[in-house]
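S.K.: Below: one structure in structure tokens.
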Amino acid sequence: MKRPFHSLLPLVLSGAAFASGPGNPGEPGVEQGLALKAAKVLTVPVDGPQVVDNGVVLVHDGRIEAVGPAATTAIPKGWETIDLGERWLAPGMIDLHNHVAGGLRDLNDMVYLTNPGLRASTTITPRNSNVQRALGGGVTSVLLIPGSGTNVGGQGVLVKLGHHSYEEVEIRNPGSLKLAQAGNPERFLFGVGRSFMNWNTRNTFRRGVAYAKRWEAHEREGGEGPAVDPQFEVFRPLYTKQTQVSTHTQMYQVVMMTVLMIKQELGIDVYIDHGTFDGWRAAPLAEAAAVPAILGPRNISVPSRRMIDWTGSNPERIQGVAAGYQDMGHTMIGFNTDAPVLPSEELFFQASMGVRYGFRWDELQSVRGVTIVPALAAGIADRVGSLEAGKDADILIIGGDPVDPRSMVEAVLVDGVRVYDAGRDGQRF
Amino acid sequence: MSTHETLFATLAVTLLGSVAPADPAQPWTADDEPEESEKAPVEIEDYYFAVTGGDVHAAGGEVLRGATLLAKNGKITHIGYDVEIPGVDYFADMPQEDRNFVTETLDATGLRVYPGLVAISSSGLMGASGDFADTADPFHQNLVLALGGGITSTGASRGVVKLKRYVEHDPPRDYDFGGIVLGESTYVSLSWSGRSPSGKASLREKLTAAADYLRVYRQWEADVKKDKELEEPRKTGVDSSILAILKGEVRARFGADDRDDLLGIARLAQEFGFRPVIKGCREGWTVADELGRAGASAIITPRSRRDKNEDLVREGGSSIENAALLHAAGIPIVIEPQSGGVNLSGIVGRDILHLPVEAAFAVRGGLSEAAALDAITIEPARMMGIGHRVGSLAVGKDCDLIVTDGDVLHYQTFVQYAVVDGELVYDKEKELFYAHIRPRAQGEVAPPEKLDAGENPEEQEDEGDGGEDPGEEGEGEDSGDDGGDEEADEEEEGDEAEGDGGA
């Protein structure tokens with residue numbers, strides 16, 4: 001009755017190559033490397049072929065040393081080789097809208113309507129139960145961000161899952177500045193409207209950019225430095241494009257406002273996060289401005305005759321959100337969960353449902369949408385998001401199509417460390 | 001009430017009135033057009049419905065590739081390869097006015113034919129509440145959506161119903177809305193929870209009283225044959241629904257997740273001799289053997305999450321392997337989604353429209369694909385006492401089926417057609433909701449056609465022959481544990497999508 005992996009995996013993965021404890025092949029600081037052979041390797045680089053059939057991935061010192069067909073890729077002498085048979089390899093998935101990698105109740109401090117100084121990084125809780133389960137769903141990197149109770153909830157932090165300490169998990173801090181363009185901040189205090197929210201957000205951002213410019217001038221020209229203002233420090237990496245604005249932005253007009261205000265007017269890199277409803281109508285504008293669209297947790301938009309002006313341009317049909325962006329010509333479409341609204345481990349399922357409701361995946365856009373696309377959006381594609389030489393060894397060993405709910409994640413490597421193994425740890429998801 | 005609603009309601013009433021003639025057996029043209037027909041038209045006695053060319057997933061797990069399924073008056077009469085369809089394979093040249101039958105065929109070449117899915121419970125699918133027959137609306141939007149989700153039967157507030165949508169026919173047929181109710185409610189809800197010790201004591205008392213009574217009653221049943229004067233024992237103080245459970249007339253249904261409660265229910269069931277249905281059952285995997293020995297059945301939601309109670313010194317909490325482990329212990333598994341209603345607010349994949357998707361998560365946890373399909377078809381049908389009529393495709397059963405464009409457990413698969421009682425009630429291309437998503441390729445799938453006298457019978461015969469041609473080889477087995485072939489299928493689908501994208 002039990003699936004093969006229950007008997008096979010311990011044999012395969014718990015052998016000498018994958019013996020538990022420190023010093024395993026492929027892990028950081030270990031001279032010996034690890035070679036993983038699999039039926040299919042979904043490499044999903046930015047460009048070029050997306051799949052290697054009968055491939056091998058070489059892992060050394062926590063990084064990928066090489067990826068290629070098993071027939072032509074030489075495995076260095078002394079390295080442990082694990083033949084995973086019919087299994088597939090895929091990059092660890094990346095969720096750019098997560099509230100559960102830290103203290104959930106600490107993420108929505110509604111002090112002012114804009115709070116650019118608050119930091120989600122101060123609440124990080126590595127290996128909490130949500131994180132452990134997320135690994136079972138193949139998620140290896142997340143952007144932990146403040147809530148959307150205010151227009152600017154604070155700074156997100158990009159972290160890996162599976163390690164033990166903050167120092168080990170941090171990818172980049174600040175991972176983003178969280179902007180909630182609309183949708184929840186209306187409830188602030190006695191209620192605010194979009195006109196004021198837009199004015200107030202622009203006010204904060206322009207002051208922040210001015211602050212960053214003063215520091216830039218000081219660093220270039222020397223002299224007496226400007227006074228440090230913790231509220232505006234985040235605008236320095238934003239201004240120099242070392243981080244981005246992640247925007248909770250959903251509806252047509254609101255998405256337009258995001259692109260126009262943040263990207264075009266202020267020149268700050270921004271991506272649509274938590275993209276839902278009919279925001280896809282603004283997709284051509286976002287595409288032209290190179291603003292990626294990370295979508296979820298809502299995957300469909302169903303216009304109601306009672307609620308939406310009936311113009312005939314929007315037939316009464318169930319419109320996939322991702323399909324809408326794609327049909328309007330957007331090319332950088334990814335998915336997020338908004339965990340705990342949807343559980344972190346169901347990140348892949350956002351892509352499944354995107355496909356179900358019309359998102360084309362003929363070029364593996366479904367897998368790209370939870371790997372390389374969010375990596376590019378968050379500016380961390382040099383480290384994660386694809387299986388390529390030089391990148392972090394964040395690798396999923398999986399039964400098949402990573403976007404199919406039936407494909408179980410059998411094991412997960414993060415930085416070459418086996419942080420999850422269903423055979424060893426019990427199947428978490 | 002909006003204009004739309006008013007119009008809709010009026011329309012519904014009008015149509016219902018016009019298509020439910022007082023005497024449906026009366027020929028509809030007999031007196032109207034005497035000059036056109038010299039003899040009275042033959043009365044229609046039989047309605048045939050045939051699905052040809054599809055891969056039929058028949059009862060017991062067999063897949064008949066490119067087979068024909070034939071139904072007569074709503075019941076399946078044939079499934080196989082040498083099935084002759086009246087009006088197609090014989091009587092093809094008979095003029096319509098001489099026929100005492102009507103045949104509809106559905107070409108499912110390249111598609112898959114499954115039994116209609118069975119939802120153990122649902123809410124609002126036909127706008128009904130309370131007394132189903134009096135409040136159900138056969139025009140309700142949710143009914144169309146649910147058929148699009150593959151569901152043809154569901155447990156309702158009181159009883160079990162078919163999603164028999166109103167369909168216009170020419171010539172019109174008798175339309176009996178009351179006929180959609182398949183059965184009365186077949187369970188009694190009971191509670192057994194560690195949070196309510198007094199509730200436990202009360203249930204035990206009722207069970208004891210009913211068991212004592214049943215013993216006396218059985219003795220009386222034996223004795224009264226000898227002595228007709230013996231008085232039947234009085235039922236004073238005996239709960240009639242509990243008595244029905246012990247007699248095996250209805251099943252006891254518990255909502256329980258805690259390991260301790262589950263064990264308590266198992267012990268209770270063995271002590272009093274009944275087979276419990278346990279809804280939730282999230283820690284069931286920790287006590288699967290005990291539940292199996294107690295003859296329990298389970299209604300579960302594979303993705304439902306529950307953290308382990310850290311006071312518990314044994315393993316606990318939810319597990320994605322729950323369905324697989326319970327099934328391995330011999331427990332009949334029924335799968336239900338997190339929400340029994342229709343949710344169009346945007347968060348998809350968790351409501352009644354995504355029943356197969358929920359079953360796919362049980363496969364993730366190790367359940368075989370065959371068992372996962374059973375858990376949304378024949379197992380819920382059996383649990384509701386209608387397994388003899390629906391839930392699988394077999395001769396003699398109701399012709400309730402769905403035709404899909406792929407493996408029903410694949411996330412991308414859509415229901416193309418739904419058939420209830422041998423009538424086509426749903427066609428994806430003809431409804432508003434999903435028609436725009438991966439539309440069926442032109443000519444690839446012929447629309448269902450009614451065979452009238454005016455049609456060219458030869459053309460129809462050709463189609464029938466084509467369906468029997470071999471050429472469906474190369475697809476993976478659907479028997480569950482063959483993951484490699486399933487993946488190969490997905491790759492093929494990807495290639496097709498690429499082709500469409502270029503067009």
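S.K.: Any residue in the stretch B:236-263 that's without any contact (Cβ under 8 Å) to a residue 40 or more places away in the chain: show its pairings with residues that are among the basic types (K, R) at Cβ separation under 7 Å, as long as the two are six or more apart or on different chains.
M.R.: Sorted first by the residue in the stretch B:236-263, then by its partner, the pairs are B:D239/B:K206.
S.K.: Moving to a separate point now. In the stretch A:298-305, is there at least one residue being more than 11 Å from every other protein chain (Cβ to nearest Cβ) and either modelled with pLDDT under 95 or under 29 Å from A:M93 (Cβ atoms) (or both)? Step through it out loud before you land on a result.
M.R.: Our first condition is that a residue be more than 11 Å from every other protein chain (Cβ to nearest Cβ); within the stretch A:298-305, this holds for none.
Looking through the stretch A:298-305, none of the residues is more than 11 Å from every other protein chain (Cβ to nearest Cβ) and either modelled with pLDDT under 95 or under 29 Å from A:M93 (Cβ atoms) (or both).
S.K.: Separate question: Look at the stretch B:399-442 and say how many of its residues are small (G, A, S) and within 14 Å of another protein chain (Cβ to nearest Cβ). Break it down stepwise before answering.
M.R.: Our first condition is that a residue be small (G, A, S); within the stretch B:399-442, this holds for B:406, B:418, B:422, B:435, B:441.
Add one more test, that the residue is within 14 Å of another protein chain (Cβ to nearest Cβ), and what stays is B:406, B:435.
Qualifying residue count for the region: 2.
S.K.: A further question follows. Kindly check whether there is at least one residue in the stretch A:26-33 that is under 17 Å from A:T371 (Cβ atoms), outside any helix (DSSP H, G or I) and modelled with pLDDT of 95 or more.
M.R.: Within the stretch A:26-33, none of the residues are under 17 Å from A:T371 (Cβ atoms), outside any helix (DSSP H, G or I) and modelled with pLDDT of 95 or more.
S.K.: Can you tell me which residue within the stretch B:422-441, out of those that are farther than 16 Å from B:I151 by Cα and out of contact with any helix residue (DSSP H, G or I) (no Cβ under 7 Å at 6 or more places or on another chain), is surrounded by the most Cβ atoms within 10 Å (Cβ to Cβ)?
M.R.: The qualifying residue surrounded by the most Cβ atoms within 10 Å (Cβ to Cβ) is B:R438.
S.K.: From the residues in the stretch B:64-99 that are among the β-branched types (V, I, T) and farther than 17 Å from B:L117 by Cα, which one is surrounded by the most Cβ atoms within 10 Å (Cβ to Cβ)?
M.R.: It comes out as B:T68.
S.K.: Output the number of the condition that A:N314 fails; it satisfies all remaining conditions of (1) at pLDDT 95 or above; (2) out of contact with any helix residue (DSSP H, G or I) (no Cβ under 6 Å at 6 or more places or on another chain).
M.R.: The one condition A:N314 does not meet is (1).
S.K.: Can you pull out the helices (runs of 4 or more DSSP H) entirely within the stretch B:318-411 that have at least 3 residues that are surrounded by fewer than 20 Cβ atoms within 10 Å (Cβ to Cβ) and in contact with a Gly (Cβ under 8 Å, 6 or more places away or on another chain)?
M.R.: Numbers: elements: B:322-328, B:355-364, B:369-374, B:378-383.
Once the helices (runs of 4 or more DSSP H) in the stretch B:318-411 are filtered for at least 3 residues that are surrounded by fewer than 20 Cβ atoms within 10 Å (Cβ to Cβ) and in contact with a Gly (Cβ under 8 Å, 6 or more places away or on another chain), nothing remains.
S.K.: Taking the stretch A:407-416 on its own, how many of its residues are part of a loop (DSSP other than H, G, I, E, B) and away from chain B (no Cβ under 14 Å)?
M.R.: Within the stretch A:407-416, the subset part of a loop (DSSP other than H, G, I, E, B) is A:407-408, A:415-416.
Among the residues that remain, those that are also away from chain B (no Cβ under 14 Å) are: A:415-416.
Summing the residues that are part of a loop (DSSP other than H, G, I, E, B) and away from chain B (no Cβ under 14 Å) in the stretch A:407-416 gives 2.
S.K.: For the stretch A:184-195, state whether one or more residues are out of contact with any Lys or Arg (no Cβ under 6 Å at 6 or more places or on another chain) and modelled with pLDDT of 95 or more. First the steps, then the outcome.
M.R.: From the stretch A:184-195, those out of contact with any Lys or Arg (no Cβ under 6 Å at 6 or more places or on another chain) are A:184-195; that's our starting set.
The next check asks that each one be modelled with pLDDT of 95 or more; those that pass are none.
Looking through the stretch A:184-195, none of the residues is out of contact with any Lys or Arg (no Cβ under 6 Å at 6 or more places or on another chain) and modelled with pLDDT of 95 or more.
Okay, residues lined up against (1) without any contact (Cβ under 8 Å) to a residue 24 or more places away in the chain; (2) polar (S, T, N, Q):
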residue: A:H99; (1), (2): no, no
residue: A:N115; (1), (2): no, yes
residue: A:L118; (1), (2): no, no
residue: A:T122; (1), (2): yes, yes
residue: A:A134; (1), (2): no, no
residue: A:V142; (1), (2): no, no
residue: A:S148; (1), (2): no, yes
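S.K.: Restrict the check to the stretch B:167-178 and report whether at least one residue is crowded, with 22+ Cβ neighbours inside 10 Å and either modelled with pLDDT of 80 or more or not charged (D, E, K, R) (or both). Walk me through how you get there before you give the answer.
M.R.: Keep residues of the stretch B:167-178 that are crowded, with 22+ Cβ neighbours inside 10 Å, which gives none.
No, there is no match, as no residue in the stretch B:167-178 is crowded, with 22+ Cβ neighbours inside 10 Å and either modelled with pLDDT of 80 or more or not charged (D, E, K, R) (or both).
S.K.: In addition: Tell me the residue from B:L190, B:L230, B:L163, B:L143 that is of a type outside the set (D, E, K, R), over 26 Å from B:G273 (Cα atoms) and in contact with a strand residue (DSSP E or B) (Cβ under 6 Å, 6 or more places away or on another chain), please. Talk me through it step by step, then tell me what you get.
M.R.: Details: B:L190 fails: over 26 Å from B:G273 (Cα atoms); B:L230 fails: in contact with a strand residue (DSSP E or B) (Cβ under 6 Å, 6 or more places away or on another chain); B:L143 fails: in contact with a strand residue (DSSP E or B) (Cβ under 6 Å, 6 or more places away or on another chain).
When all the criteria are applied, what remains is B:L163.
S.K.: Taking the stretch A:267-300 as the search range and keeping residues that are in contact with a His (Cβ under 6 Å, 6 or more places away or on another chain) and in a strand (DSSP E or B), which one is surrounded by the fewest Cβ atoms within 10 Å (Cβ to Cβ)?
M.R.: This residue is A:H274.
S.K.: In addition: If you scan the stretch A:196-236, which residues turn out to be closer than 20 Å to A:P185 by Cα and either outside the structural domain of A:K263 (by TED's automatic domain parsing) or of a type in the set (S, T, Y) (or both)?
M.R.: Once the filter is applied, which keeps residues that are closer than 20 Å to A:P185 by Cα and either outside the structural domain of A:K263 (by TED's automatic domain parsing) or of a type in the set (S, T, Y) (or both), the stretch A:196-236 yields A:T201, A:T204.
S.K.: Looking at the stretch A:388-406, is at least one residue within 24 Å of B:G317 (Cα to Cα), within 14 Å of chain B (Cβ to nearest Cβ), crowded, with 22+ Cβ neighbours inside 10 Å and among the basic types (K, R)?
M.R.: Checked against the condition, which is being within 24 Å of B:G317 (Cα to Cα), within 14 Å of chain B (Cβ to nearest Cβ), crowded, with 22+ Cβ neighbours inside 10 Å and among the basic types (K, R), the stretch A:388-406 yields at least one hit.
S.K.: Search the stretch A:348-359 for residues that are at the interface with chain B (Cβ under 9 Å from one of its Cβ atoms) and closer than 13 Å to B:H410 by Cβ and pair each with any residue that is in a helix (DSSP H, G or I) and not aromatic (F, W, Y) when their beta-carbon atoms are under 6 Å apart and the residues are at least 6 apart or on different chains.
M.R.: Taking only residues 6 or more apart or on different chains, the pairs are A:V355/A:S366.
Each row is one residue, and each column tells you yes or no for (1) free of Cβ contacts under 8 Å to residues at least 12 places away in the same chain; (2) facing chain A (nearest Cβ under 9 Å).
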residue	(1), (2)
B:L326	no, no
B:G340	no, no
B:S345	yes, yes
B:V348	yes, yes
B:L353	no, no
B:G365	no, yes
B:A370	no, no
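S.K.: Which numbered condition in (1) under 21 Å from A:T247 (Cβ atoms); (2) part of a helix (DSSP H, G or I); (3) aliphatic (A, V, I, L, M) is the only one that A:I94 fails?
M.R.: So A:I94 meets the others, but not (2).
S.K.: Got a sec? Which of A:D362, A:D382 is surrounded by fewer than 24 Cβ atoms within 10 Å (Cβ to Cβ) and facing chain B (nearest Cβ under 8 Å)? Lay out the reasoning, then the answer.
M.R.: Working: A:D382 fails: facing chain B (nearest Cβ under 8 Å).
Testing whether each residue is surrounded by fewer than 24 Cβ atoms within 10 Å (Cβ to Cβ) and facing chain B (nearest Cβ under 8 Å) leaves just A:D362.
S.K.: Check A:I171, A:I145 and return the single one that is at pLDDT 95 or above, in contact with a Gly (Cβ under 6 Å, 6 or more places away or on another chain) and not charged (D, E, K, R).
M.R.: Of the residues listed, the single one that is at pLDDT 95 or above, in contact with a Gly (Cβ under 6 Å, 6 or more places away or on another chain) and not charged (D, E, K, R) is A:I145.
S.K.: Within the stretch A:163-187, can you find the residues that are surrounded by 18 or more Cβ atoms within 10 Å (Cβ to Cβ) and among the aromatic types (F, W, Y)?
M.R.: none
S.K.: Could you grab me the full set of residues in the stretch B:283-302 that are part of a loop (DSSP other than H, G, I, E, B) and crowded, with 24+ Cβ neighbours inside 10 Å? Talk me through it step by step, then tell me what you get.
M.R.: So the first thing to find is which residues in the stretch B:283-302 are part of a loop (DSSP other than H, G, I, E, B), and the list is B:283, B:294-296, B:301-302.
Matches in the stretch B:283-302: B:E283, B:A296, B:P302.
The values are calculated or read from the model by the stated rules, or taken from the named source; none is laboratory data. Being a predicted model, the structure only gives us computed values, none of them experimental. Counting neighbours? That spans all protein chains shown, and the Cβs are built from the backbone with ideal geometry, glycine included.
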